[in-house]
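This report refers to the structure that appears directly beneath it.
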Protein chains: 2
Amino acid sequence: MPTRKKRVTIKDVAQAAGVSTQTVSRVMNNVSYVSGETRQRVENVVEELGYRPSTLARSLIQQRSYTLGIVTFGLKYIGPSRTLNGIADQADKLGYMLVMKELDNFDTAHINDVLGSLLARQVDGILWAAPEISDNHDWLEEHLSSIPVPILFIAMQPKQGVSSVSTDNFQGAVMATEHLLGIGRKKIAHISGPLTWWEALERKRGWRETMEKNGLDASERCCTEGNWSSASGENAFNQLLDAYPDLDSVFVANDQMALSVLREAHRRNIRVPEQLAVIGFDNLPESAYFYPSLTTISQDLQLLGEEAVQTIVQMIQARQNNEAVTAQPRFIQPTLVVRESA
Amino acid sequence: MPTRKKRVTIKDVAQAAGVSTQTVSRVMNNVSYVSGETRQRVENVVEELGYRPSTLARSLIQQRSYTLGIVTFGLKYIGPSRTLNGIADQADKLGYMLVMKELDNFDTAHINDVLGSLLARQVDGILWAAPEISDNHDWLEEHLSSIPVPILFIAMQPKQGVSSVSTDNFQGAVMATEHLLGIGRKKIAHISGPLTWWEALERKRGWRETMEKNGLDASERCCTEGNWSSASGENAFNQLLDAYPDLDSVFVANDQMALSVLREAHRRNIRVPEQLAVIGFDNLPESAYFYPSLTTISQDLQLLGEEAVQTIVQMIQARQNNEAVTAQPRFIQPTLVVRESA
DNA sequence: CTGATTTATGTTATCGATAACATGTTATCG
DNA sequence: CGATAACATGTTATCGATAACATAAATCAG
């Protein structure tokens, strides 16, 4: 039976070192005056007892928890978890802890609940990393002013007075489409993500506007809609082939769906890239090993997460100092990765 | 400029409702006697002011935080994040919050630090979801008894007196190998993960022991080692072909590396599965869409995470009630998913 | 040498909640 | 009808830390 140690508190240390708790506190935080001798004595006791100040108690008195609340969605997918990785990294560097909540639906009641439980934890700021789908951000935005801590959205439509950090999905789609144009393709189709998602809309818009700018067909027959999954990509591609049989290339809104396109093309003996150029979006670690390897738009989600943390911490500090915060949308630029498929 | 609301405390509510803070507390927690009229009045005020009890303060007095500490590693990969997803789900159901720490190296000092910061947050229990590599668990296990809260390891070598939940990697490898035997293959090669990882060792052991039991060759020339990445899979496969050119099938320790094998086989005009049967491990969402679709061992990481939370919560409650806890390793059985590649 | 500073430490109040205890009012029962 | 139990509410102590204030000794400046 292991010794069930009781938590060591500041009082234990104070008593063992023969000083007041305040002095222990001073030693721990390196503030104010403490004589070298006393400091040494206290430090020895701290070491010996394995004392760690309770962040709980500290947060309570200081009204500051050095904790960020993270609201995620779809963690089981690679995208959100790479963002989370960036967040975790940067939070660690800046001395913040993370309290995580996964959102599984977008009911107002549930959102309110999640928000409330984070606030009850006295988080210093909130990172909202759940995607913008239909109007699921509306309620939140309306209530922004009544949330007592700064909040920053990851991947949302830029909006006046709301802080956000997003990949520039539109620009990414433009780059993808222009790359296809650059290799001489004219009949460029598009398989989009679910059009309730802001990100899917942006990618589609990038494709459409680029096509139109070049006087090319971007009508509805040139595109179909998937739901990001490989399975849906297969369907979407088959539909597309029916509706637009003479396409010469396709911009697929994510790599998972693009994978299905490659596979289905192979099955139908459509040669990639000769007969059909394919370009994806996301740059999964596996995409370089698809057959043929996938040309794609790489979004740096790790960086996205890191920037998000930096920004929210700035917002927290600004508020602390009672400075005005100008809420601003920010964008991270994606990059084109050229491989065999286009 | 939004109104920068101050936090609403129990005192505010008490004052506004004209009762003592204790009565408010009673209403919030539904304990002891409160008259219907008073309850209603307090509830109205709570609603009106948007009061939420501070979990911080509550945790402090109750010596219980309803928070679990999670130590993760390699979040940017799909495996850990699916486990995390299961953890988040189940924690939510059982009313626990998560405080997350990502581990980026295995220095004793760093491990101690991470542990300490979780304990300072007064977590009620810890889930150690960082992989067992070489002897990186040793220090932890030695110090188990001095950690004042229960700790449960995810995916570690079963050990007397240590609680853990793991996928049965050995059994999964046995299933994979037996499946290949079942379709008449005899020259079964293996591409392992990095052999410093416990999971890689187990998978290799499953393959080796099954081969030996059937009197087949499982010598070192029949296997090579990768590092889980697709890139390493390509190298490992090429080496394997040099050392063991007449192999008829290969069990690859994860799907990412298996993807490279499929691709390289295609490039060399080796027909899969006719000339070379391939089986992977993990069952990535994309694996069904590889070409050909990949037969693999599916480990239910979501479930793993859920079981882990259930177990740690039981441990917490047992300790709360001063019951004895018998630390036990537990296993989750993987399943075989047969597709085209084998 | 004396008053102002600097140094060193202790005491009390506080953060926001609940536990433990106290007290008064209504029912209930023999 | 008086005693006991059930109901209803308030008061004080407490969790573990830091802030704010207080005090005393040592150092320093003129």
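The values are calculated or read from the model by the stated rules, or taken from the named source; none is laboratory data. If you're wondering where the values come from, they're calculated on a predicted model, not measured in any experiment. Methodologically, a virtual Cβ is constructed for each residue, glycine included, from the backbone with ideal geometry; neighbour enumeration extends over all protein chains shown.
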- Query: Across segment B:36-47, what is the number of residues that are within 14 Å of chain A (Cβ to nearest Cβ) and either near DNA strand D (Cβ under 10 Å from one of its atoms) or touching a residue at least 12 places away in the same chain (Cβ under 8 Å) (or both)?
  - Reply: 1
- Task: Output the residues belonging to segment A:189-217 that are of a type in the set (Val, Ile, Thr) and closer than 11 Å to A:VAL252 by Cβ.
- Result: A:ILE191
- Residue check: is B:ASP255 among the acidic types (Asp, Glu) and at pLDDT 95 or above? yes
- Note on the structure: Note on B:LYS11: of the conditions (1) farther than 25 Å from A:LEU68 by Cβ; (2) within 15 Å of DNA strand D (Cβ to nearest atom); (3) surrounded by 13 or more Cβ atoms within 10 Å (Cβ to Cβ), unmet is (3)
- Item | Elements of type helices (runs of 4 or more DSSP H) in segment B:108-199, at least 3 residues being surrounded by fewer than 19 Cβ atoms within 10 Å (Cβ to Cβ) and within 14 Å of another protein chain (Cβ to nearest Cβ) | B:108-120
- Message: Considering only segment B:12-35, I want to know if a residue exists there that is within 14 Å of chain A (Cβ to nearest Cβ), within 8 Å of DNA strand C (Cβ to nearest atom) and acidic (Asp, Glu).
- Response: yes
- Run down A:SER65, A:SER59 and say which single residue is buried (at least 17 other Cβ atoms within 10 Å of the Cβ), near DNA strand D (Cβ under 9 Å from one of its atoms), polar (S, T, N, Q) and facing chain B (nearest Cβ under 8 Å). A:SER59
- Subset of segment A:31-51 (residues that are closer than 24 Å to B:SER146 by Cα, surrounded by fewer than 17 Cβ atoms within 10 Å (Cβ to Cβ) and not acidic (Asp, Glu)): A:ASN44, A:LEU49, A:GLY50
- Query: Failed condition for A:MET28, given (1) closer than 29 Å to B:ILE151 by Cβ; (2) more than 7 Å from DNA strand D (Cβ to nearest atom), with all others met?
  - Reply: (2)
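Name the one entry in A:GLY79, A:GLY74 that is in contact (Cβ under 8 Å) with a residue 24 or more places away in the chain, in contact with a strand residue (DSSP E or B) (Cβ under 8 Å, 6 or more places away or on another chain) and either small (Gly, Ala, Ser) or facing chain B (nearest Cβ under 8 Å) (or both). Show your work before the answer.
Values: A:GLY74 fails: in contact with a strand residue (DSSP E or B) (Cβ under 8 Å, 6 or more places away or on another chain).
Of the residues listed, the single one that is in contact (Cβ under 8 Å) with a residue 24 or more places away in the chain, in contact with a strand residue (DSSP E or B) (Cβ under 8 Å, 6 or more places away or on another chain) and either small (Gly, Ala, Ser) or facing chain B (nearest Cβ under 8 Å) (or both) is A:GLY79.
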- Message: So, B:GLU286, is that one in contact with a helix residue (DSSP H, G or I) (Cβ under 6 Å, 6 or more places away or on another chain) and of a type in the set (D, E, K, R) or not?
- Response: yes
